[in-house]
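Since the structure comes first, as structure tokens, the remarks are kept for the end.
No lab work stands behind these numbers, since they all come straight from the coordinates. Quick caveat: nothing in here was measured; it's all calculated off a predicted structure. Note that we place each Cβ from the backbone using ideal geometry, even for glycine, and neighbour counts take in every protein chain shown.
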Amino acid sequence: MSSPERRTADGLERAQQLVRLKRYEQPDEGYFEGFLKEFQQRQRADLMQRSSRSLFCERLGTYLADFGGRRMLLAGGAACALALLFVRVAPEGQPVDAGFDAPRGEVTPVSAGPLFEGEIDLWEGMVVPAGDEEIDLPLFMVEPFDSRRAAGEPEIIEL
Amino acid sequence: MADVKKRKPDEDRGLVERAKDGDTAAFDELVTKYSPKLYGLVYHMTSNHEDTNDLLQDIFAKAYRSLRRFRGRSAFYTWIYSISVNMTLNFLKKRNRHWKISLDDVDSAIEFDKEFIEQTSKTDPVRESNIHELQLRLNEAMMELSDDHRAVVTMFDIQGMPHNEIAKILKVSPGTVRSRLFYAHRQLQNHLEEFRR
């Protein structure tokens, strides 16, 4: 080994020796007995402070982990895939059986006829019914006729 | 190092099984057994006693909560070390990057440690220097390393663990551990230049 290489190797060894001295750094005597007591106290306090919901979630998590998280995930995935397949495979136009007795009846088509029969009085802005019956429609549905606007002339604004 | 090599992979199995069945005394035994080793790991990575104490409490609490998920594929020792390293690395990411070591963080008890005095008196430059100063510089040099490099130096140089054990804990190859160590030693050498023989 050449001299610079030797020096580097010595330097590395020296650095390691110095770092190894850190193993003598220890906490005060009696620290570890106190540590265990503190741990037990914290555990108890934690148990008291945590909500029943978080405890339930944690226990459920542990239970599922015991049962086999991956198997649960696979089973859930397979169930979802089957459900999707069933929906896709059902013939188009045929209702999917909802699994309960839905009320059955005839559906009568509704024609798109006028909602009322009559005329609209453009001057008064009201509906004049064709028959005797009165049709109560709100006035905002029909605006009064404005001849200027109809002719495309500019609107006169009164000040 | 020999202590770690001799370790049987399942030596804690009985205690772990009992703890899983709800025997809190069994878990207390595991805490008593591993707290000094894990304290060293966390302390040398954080360089702060208070942070170490809080983190160590959290580590054992986490281990207790996750114990039923521990399948025994690795030794309990490897498992709890992995939890400790991960939690410490997460903590260090959150800790203020401008955090600096002060003299208050330096362990004063070490100055009266017989073994330490014996070790340092064997080496000429250290004999001349202030032990407190050396400690401060050592801590500074350690904190200059990246968190990942500090973790391998702590486990290998300070705690005497073999490469393959560290590799299992960090879930990296032994080659990666060796390369991190080499790089970290080079950095430490530069920082501790003045304490060279």
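For B:35-42, what's the mean count of beta carbons from other chains sitting within 10 Å of each residue's beta carbon?
Values: counts 6, 5, 0, 0, 5, 5, 0, 0.
Taking the mean over all residues of the peptide, I get 3.
Too long at a 28 Å Cα-Cα cut-off: which of A:K22/B:K171; A:K22/B:K20; B:K20/B:K171; A:K37/B:K168; B:K20/B:K94? Don't skip to the answer; put the middle values down first.
Details: A:K22/B:K171 25 Å; A:K22/B:K20 35 Å; B:K20/B:K171 25 Å; A:K37/B:K168 31 Å; B:K20/B:K94 32 Å.
Beyond 28 Å: A:K22/B:K20; A:K37/B:K168; B:K20/B:K94.
Taking the Cα centre of region B:9-99 as the origin, how large is its charge dipole in debye, to the nearest 20, when only Lys and Arg (+1) and Asp and Glu (-1) carry charge on their Cβ atoms? Each step should come with its number before you reach the end.
Values: 15 positive and 12 negative charges, 111 e Å.
That gives region B:9-99 a dipole magnitude of about 540 debye.
I want to verify the translational diffusion coefficient of region B:9-99 in µm²/s; compute it with Stokes-Einstein, Rh as the Kirkwood radius over Cα pairs, at 20 °C and 1.002 mPa s.
On the way: Rh = 13.6 Å.
Translational diffusion coefficient: 157 µm²/s.
Taking 1 over the mean of 1/r across every pair of different Cα atoms in region B:6-61, what Kirkwood radius in Å do you get? Spell out each step's value before the answer.
Working: mean 1/r = 0.0814 Å⁻¹.
This gives a value of 12.3 Å.
Pop the C-beta distance of B:E50 and A:L85 into the FRET formula with R0 = 45 Å and round what comes out to the nearest 0.05.
0.15
What full-extension length gain, to one decimal in nm, is calculated for B:N164 and B:S179 as 0.36 nm per residue of separation minus the Cα-Cα distance? Display every interim value, and only then the final one.
On the way: separation 15, 0.36 × 15 = 5.40 nm, distance 1.30 nm.
Full extension of this stretch gives 4.1 nm more.
Provide the per-residue ³J(HN,Hα) series for region B:76-83, in order, calculated from phi with Karplus coefficients 6.51, -1.76, 1.60 and θ = phi - 60°, each as a whole number of Hz, with x at glycine and proline positions.
Each residue of region B:76-83 in turn: 4, 4, 5, 4, 6, 5, 4, 4 Hz.
Say each of B:T32 and B:R13 gets a label point 7 Å from the Cα, pointing the same way as Cα to Cβ; how far apart are those two points in nm?
About 2.3 nm separates the two model spin labels.
Which of the peptides A:4-16, A:74-86 is most tightly packed, and how do the rest follow, going by the mean number of other Cβ atoms within 10 Å of each residue?
Working: A:4-16: 14.5, A:74-86: 10.2.
Going by the mean number of other Cβ atoms within 10 Å, highest first, we get A:4-16, A:74-86.
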